[in-house]
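Comments concern the structure below.
Where a number appears in this text, it was derived from the coordinates with a stated rule and is not lab data. Only a predicted model underlies this, so the values are computations on that prediction, with no experimental measurement involved. Quick reminder, even Gly has a Cβ in these numbers, built from the backbone with ideal geometry, and neighbours come from all protein chains shown.
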Amino acid sequence: MLTETSALMRGIRLALRAEMQKRGRSTKGLAGQAEVGQPGLHRFLAGERSSMQAAALFSVAFALGKSPAWMIREGAKLAKLR
């Protein structure tokens, strides 16, 4: 059974991937703009890494033109926590 935290991380992963696809963004380009490591971002988005530091996730959200609040709200919705 998933904990709420891991479910939220899964939802955030889905929200970020959907927004990246919508905007036609690559992991490499997004990592560069967000100034986060591309390998770590790739592993998180691929589900090979269960979490990322909040500051890194916030930078990714901002690089997509979204707020951290959007990322958490969409993640919770996709994880069915709300």
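Remarks
- Acute angle (nearest 10 degrees) that the helix 54-63 long axis makes with the longest principal axis of the chain, alpha-carbon atoms: 60 degrees
- Length-normalised contact order of the chain in % [C-alpha pairs under 8 Å, at least 6 apart]: 46 percent
- Think of each Lys and Arg Cβ as +1 and each Asp and Glu Cβ as -1; about the Cα centre, that makes the dipole of the chain roughly 260 debye.
- Signed unit charges on C-beta, dipole axis of the stretch 4-76, positive-most listed residue LEU16, MET52, MET71: LEU16
- Calculated log10 I(q)/I(0) by the Debye sum over Cα atoms at q = 0.14, 0.16, 0.20 Å⁻¹ (choose from (1) -0.64, -0.75, -0.95; (2) -0.71, -0.79, -0.90; (3) -0.39, -0.51, -0.81), label: (3)
- What you get for the stretch 34-82, charging only the Cβ of Lys and Arg (+1) and of Asp and Glu (-1), is a dipole of about 280 debye around the Cα centre.
- Part-to-part distance (alpha-carbon centres) for the stretch 65-82 and the stretch 1-59, which is given in Å: 12 Å
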